[in-house]
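For reference, the structure is listed below as structure tokens.
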Number of protein chains: 2
Amino acid sequence: METENRTEGWSRKIYLELTPPSLEDNVSDQERILRALREEYGEAGCSLRVLQKFYPLCFQSEWKITVLLVWNGKCWELADIEPGDTTGEHYGFCADLGSTTLAGELVDMNTGKVLWQKSVFNHQIDYGQDILTRIFYGKDNPLKLEEIRKATVDSFLELFKKMEQDTGISGEQCASMVIAGNTTMTHFLYGLDAFCVFSSPYAVRTLKPDCYRAKDLGFPLKGYVYCYPGQANYLGGDILSGIVETEIYKQEEISVFLDIGTNGELVIGNKDFLVAGAGAAGPALEGGVVKTGMRAEPGAVDRVHIENGQVEIHVIGETTAEGICGSGIVDLLAEMFLNGWIDVRGRYVEEASEKIREVDGALAAEYAPGLFFFQKDIEEFLKTKAAAGTMVEYMMGEVGLEMTDIGRFYVAGAFGTHISKEAGVTVGLYPDMPRDKIVLPGNSSLTGARKMLLHKEIKEEVEKILDKMTYIQFGAVDNFLHLMAAAEAIPHTDIRRYPTVEKELKKRGLL
Amino acid sequence: METENRTEGWSRKIYLELTPPSLEDNVSDQERILRALREEYGEAGCSLRVLQKFYPLCFQSEWKITVLLVWNGKCWELADIEPGDTTGEHYGFCADLGSTTLAGELVDMNTGKVLWQKSVFNHQIDYGQDILTRIFYGKDNPLKLEEIRKATVDSFLELFKKMEQDTGISGEQCASMVIAGNTTMTHFLYGLDAFCVFSSPYAVRTLKPDCYRAKDLGFPLKGYVYCYPGQANYLGGDILSGIVETEIYKQEEISVFLDIGTNGELVIGNKDFLVAGAGAAGPALEGGVVKTGMRAEPGAVDRVHIENGQVEIHVIGETTAEGICGSGIVDLLAEMFLNGWIDVRGRYVEEASEKIREVDGALAAEYAPGLFFFQKDIEEFLKTKAAAGTMVEYMMGEVGLEMTDIGRFYVAGAFGTHISKEAGVTVGLYPDMPRDKIVLPGNSSLTGARKMLLHKEIKEEVEKILDKMTYIQFGAVDNFLHLMAAAEAIPHTDIRRYPTVEKELKKRGLL
């Protein structure tokens, strides 16, 4: 992810040793600086702040100065000057603006290295745990909308504060920022009513916002803020960022890019075509729906293995189990299925284990001391994985592809990273394909933002991607529910699609 | 000066009736608007303010909206949207930012008509009557410089306030503004230390400033502020604006453009070449040096005629004479010269009139009851007119031209307008050429600003003019003082240069 190319990012720092003004050469200070940059950077603009800094800075430093150029999306702009050579201190910032978490990175623009990385909760949570609550809070109410906007900005300011505490480098010292977030998040960042995102006909305020000056948005940086554009209401900049990160749009081979969170977003394609879609998908995987579900934080069961009828677990933070997170759920279901505790329909087989018993009038498995996974939890999970699987299946059908045509299957999201590939295939969350073809790129929204920050020319590429991409609104699809019902089995009603699972089941005498 | 062409100015208002969003066509609001404009206006930007105005405005007006596009010097930007058709109300503002007076005009951008025009004193006067005092006040002192900047902005705000009182149209309702001012004035407008303007090596902070958002400069307008660029420290945007107004850079014939104020600025050329220069010239004409000199306001003698030994005067405001302004001085000297009251060296001929007598130990002429024009006043005037004349003569020599090569002789400035051409020639302020070739364009700095406001493509032309123009620093010229001495006669030591004056003198028996 690191790059040695220091000349392609959204900002440049250039050390200049200029000849001071004389009667023979008394062009203006602005021209003296810009003419030294013109050949390489074209006709750069000059911010008012810098205009006011020329004197006495240039005079006192004897015209040995470092200039900061920032890209405003269309041309370079002189955003700062400093005395002497400060090119060594050249920073940028990138962020994944998630509805729950804001993850940011301080990037050394000279080397491309990440100097610091941290996450904070999105302060929007004060106005609702889930996005819809926030949207209704701000709906048709400019004052409340402004509260949400401010909360969004405050989340960044908290991150910058932590950064300064940890590294001594402040937001003021950063040049440019690239943000990737979904359509609702970018709407809130700009102070826009986001009800349109979830309301027919899904025409939002903006999908391809301009670059705005950081200061105008309330950020301390010297340059501009670029937000990844989105394709549609449910297919936002975070997904575009992931596509840039994985480079599926550059490849010969066809890839599937799947991001399962509260919603599921899906892109299929290669260098010749890109089809995208999105739909409600994964609440069960976020830990909010499953009864003992929780985030992947200390106390969460994140790994499960069943051996000799015993449930072996791993708990984050090596502490007492308090609940189960997404990767734990997938592991648990895969293991229970492979041990015959649940059948293909996800129903508990009560006699298969003493861990399975009736609790509060419903069957449940005790996966950790005092913690139970209920029949209803399984059903919720199956709906989620069926929705994701059906999106993939439906879209593959639309473009006339079989799973064997797929070169790579990307599962994005901080969360995808932690799910075991094998367990994911077993429960039918992932297709049954060579495991090295299943790629978990982690938080590709964040790393894609960093890639953009370091390569401003990608902005043009993203715009080409958007032009090329066809978006399918799943809500408008007829046989979607029908397909989904078929996918609500483990791993699928059509077991032939899962040969390695079939083989394993046969090996275990379950088929 | 009016134009019917409504499509070339720095702003556009366009009424759009757009089809509201539907499931079949649910592009973003921004795209819905921009795609309707794309063919004609390219890829327009969108201000944050407008982004926030899309909803509910577009919805409530059923997508019948008027958009305001402003030119930022490089591309169009969506600066406002309004419900319904408001294209009829489309305003711009232009101004001549003088060191004494700020003159502004409200322009109807649809018709090019001037709807309102007024002047106010430049509030900078609080920090010094003359420019140098202000410059020293702010020199190396950011806080005091900020006071001067604020005073400059306040002058505009006063003008906008008067405009709103007079017309009901506020600064907030105006789109773009074009300002023409000298280099010191633009420096003060941007909050820049202007000591550089008067101090060797005369390398100023900026001569070609960017277009800045009106709001960033402290103005209420919705769009951008363009300041005419300058050629050099002493040859600022006010002169460039005059050149644009007179169009001497477009003509086959060679013109001389002269602006005499506290300084004298001179441009000679045509469509093939432009030579420019500037120097200290005209304090005597501004009424500050002559003992009874005053501004052209009520009480000032502005016309003088001598008939049968009697001095006939006209007083501005038809009131009692309190002093004499520039046009009065030129008239007075011409008449005294043609009546033999003063000789070619400007010395009083005491016996020529009973009006000439010794007052306070020096010879003086009583041009109005109790008001005297002293020998020293004549000398001051001759220095001024010699400086201006010498600039012209020197520069003509530099480019190898005779006065007979000159097609038009422009004398700019509110002030030039009032000087009688005949008197100006008689005293040698203007060359002796056919009177219809002497053109007095008035405040061409202001009218040139208006022309720019209505024709944004002139920005490119001005940049070409600057590239083409050669600037001569008169301070560096050797034989300047020598030439100047020769010009300190009435009309000139070489009377053959003034054939019509020679003829008149002969007719009157004075030669």
Legend entry - Residue check for B:A175: free of Cβ contacts under 8 Å to residues at least 60 places away in the same chain, among the small types (G, A, S), in contact with a strand residue (DSSP E or B) (Cβ under 7 Å, 6 or more places away or on another chain) and more than 7 Å from chain A (Cβ to nearest Cβ): no
Inset, instruction - Name, by its number, the condition in (1) within 14 Å of another protein chain (Cβ to nearest Cβ); (2) more than 29 Å from B:L78 (Cα to Cα); (3) at pLDDT 95 or above; (4) surrounded by fewer than 23 Cβ atoms within 10 Å (Cβ to Cβ) that does not hold for B:R213. - result: (2)
Legend entry - Those residues of the range A:472-490 which are of a type outside the set (G, A, S) and touching a Gly at 6+ places or on another chain (Cβ under 7 Å), in sequence order: A:I472, A:F474, A:I490
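Out of the range B:11-40, which residues are small (G, A, S) and free of Cβ contacts under 8 Å to residues at least 60 places away in the same chain? Write out each step before concluding.
As a first pass, look at the range B:11-40 and keep what is small (G, A, S): B:11, B:22, B:28, B:36.
Hits for the range B:11-40 are B:S22, B:S28, B:A36.
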Inset, instruction - Of the numbered conditions (1) within 8 Å of another protein chain (Cβ to nearest Cβ); (2) over 17 Å from A:P21 (Cα atoms); (3) of a type outside the set (V, I, T), B:C196 fails exactly one; give the number of that condition. - result: (2)
Legend entry - Answer from B:D80, B:D96, B:D85, B:D126 - the residue that is among the charged types (D, E, K, R) and assigned to a loop (DSSP other than H, G, I, E, B): B:D85
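Would the range A:244-252 turn up any residue that is in contact (Cβ under 8 Å) with a residue 12 or more places away in the chain, buried (at least 23 other Cβ atoms within 10 Å of the Cβ) and under 30 Å from B:E77 (Cα atoms)?
Within the range A:244-252, the first condition is being in contact (Cβ under 8 Å) with a residue 12 or more places away in the chain, and the residues that meet it are A:244-246, A:248-252.
This time we only want the ones that are buried (at least 23 other Cβ atoms within 10 Å of the Cβ), so: A:244-245, A:248-249.
If we keep only those that are under 30 Å from B:E77 (Cα atoms) as well, we get A:244.
Looking for residues that are in contact (Cβ under 8 Å) with a residue 12 or more places away in the chain, buried (at least 23 other Cβ atoms within 10 Å of the Cβ) and under 30 Å from B:E77 (Cα atoms), one finds at least one in the range A:244-252, hence yes.
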Inset, instruction - Within the range A:322-338, work out how many residues are buried (at least 21 other Cβ atoms within 10 Å of the Cβ) and within 14 Å of A:L371 (Cα to Cα). - result: 5
Inset, instruction - Determine if the range B:447-455 includes at least one residue that is crowded, with 19+ Cβ neighbours inside 10 Å, touching a helix residue (DSSP H, G or I) at 6+ places or on another chain (Cβ under 6 Å) and without any contact (Cβ under 8 Å) to a residue 24 or more places away in the chain. - result: no
Legend entry - Of the criteria (1) within 14 Å of chain B (Cβ to nearest Cβ); (2) closer than 22 Å to A:V178 by Cα; (3) among the β-branched types (V, I, T), which one A:T100 fails: (1)
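State yes or no: is B:V107 surrounded by 21 or more Cβ atoms within 10 Å (Cβ to Cβ), in contact (Cβ under 8 Å) with a residue 24 or more places away in the chain and at negative phi?
Details: surrounded by 21 or more Cβ atoms within 10 Å (Cβ to Cβ): yes; in contact (Cβ under 8 Å) with a residue 24 or more places away in the chain: yes; at negative phi: yes.
Against the criterion (surrounded by 21 or more Cβ atoms within 10 Å (Cβ to Cβ), in contact (Cβ under 8 Å) with a residue 24 or more places away in the chain and at negative phi), B:V107 qualifies.
Looking at the range A:145-153, can you tell me whether even one residue there is over 15 Å from B:Q52 (Cβ atoms) and surrounded by fewer than 18 Cβ atoms within 10 Å (Cβ to Cβ)?
Of the residues in the range A:145-153, the ones over 15 Å from B:Q52 (Cβ atoms) are A:151.
Imposing the further condition that a residue be surrounded by fewer than 18 Cβ atoms within 10 Å (Cβ to Cβ) reduces the set to A:151.
Within the range A:145-153, one or more residues are over 15 Å from B:Q52 (Cβ atoms) and surrounded by fewer than 18 Cβ atoms within 10 Å (Cβ to Cβ).
Considering only residues that are in contact with a strand residue (DSSP E or B) (Cβ under 7 Å, 6 or more places away or on another chain) and more than 9 Å from chain A (Cβ to nearest Cβ), which ones fall in the range B:231-244?
As a first pass, look at the range B:231-244 and keep what is in contact with a strand residue (DSSP E or B) (Cβ under 7 Å, 6 or more places away or on another chain): B:231-232, B:234-239, B:241-243.
Listed by number, the residues that qualify are B:Q231, B:Y234, B:L235, B:G236, B:G237, B:D238, B:I239, B:S241, B:G242, B:I243.
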Inset, instruction - Take B:T470 and decide whether it is surrounded by fewer than 20 Cβ atoms within 10 Å (Cβ to Cβ) and either in contact (Cβ under 8 Å) with a residue 24 or more places away in the chain or among the basic types (K, R) (or both). - result: yes
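So if I check each of A:K161, A:K150, A:K113, A:K118, which one is under 25 Å from A:C211 (Cβ atoms), of a type in the set (K, R), modelled with pLDDT of 95 or more and under 19 Å from the mean Cα position of the chain (by Cα)? I'd like the intermediate steps shown before the answer.
On the way: A:K161 fails: under 19 Å from the mean Cα position of the chain (by Cα); A:K150 fails: under 19 Å from the mean Cα position of the chain (by Cα); A:K113 fails: under 19 Å from the mean Cα position of the chain (by Cα).
On inspection, the qualifying residue turns out to be A:K118.
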Inset, instruction - Out of A:V290, A:V330, report the one residue that is in contact with a Leu (Cβ under 9 Å, 6 or more places away or on another chain) and under 19 Å from A:G428 (Cβ atoms). - result: A:V330
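Quick check: is even one residue across the range B:220-230 in a helix (DSSP H, G or I) and either within 12 Å of another protein chain (Cβ to nearest Cβ) or farther than 18 Å from B:E463 by Cα (or both)?
Of the range B:220-230, the ones in a helix (DSSP H, G or I) are none.
Checked the range B:220-230: no residue is in a helix (DSSP H, G or I) and either within 12 Å of another protein chain (Cβ to nearest Cβ) or farther than 18 Å from B:E463 by Cα (or both).
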Inset, instruction - May I ask you to list pairs of residues, at least six apart or on different chains, whose Cβ atoms are under 8 Å apart, with the first in the range A:365-380 being closer than 14 Å to A:V289 by Cα and the second being small (G, A, S) and in a helix (DSSP H, G or I)? - result: A:D377/A:A284; A:E380/A:A284
Legend entry - helices (runs of 4 or more DSSP H) lying entirely in the range B:423-511 (those with 1 or more residues that are small (G, A, S) and modelled with pLDDT of 95 or more): B:444-454
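Taking the options A:Y498, A:Y410, A:Y394, A:Y430, name whichever one is within 28 Å of A:E105 (Cα to Cα), in contact (Cβ under 8 Å) with a residue 12 or more places away in the chain and buried (at least 19 other Cβ atoms within 10 Å of the Cβ). So that I can check it myself, show each step before the final result.
On the way: A:Y498 fails: within 28 Å of A:E105 (Cα to Cα); A:Y394 fails: within 28 Å of A:E105 (Cα to Cα); A:Y430 fails: within 28 Å of A:E105 (Cα to Cα).
One residue alone meets the criteria, A:Y410.
The values are calculated or read from the model by the stated rules, or taken from the named source; none is laboratory data. Just so we're clear, the structure is a prediction, and the values are computed from it rather than from any experiment. Neighbour counts are summed over all protein chains in view; Cβ atoms, including those assigned to glycine, are modelled from backbone coordinates with ideal geometry.
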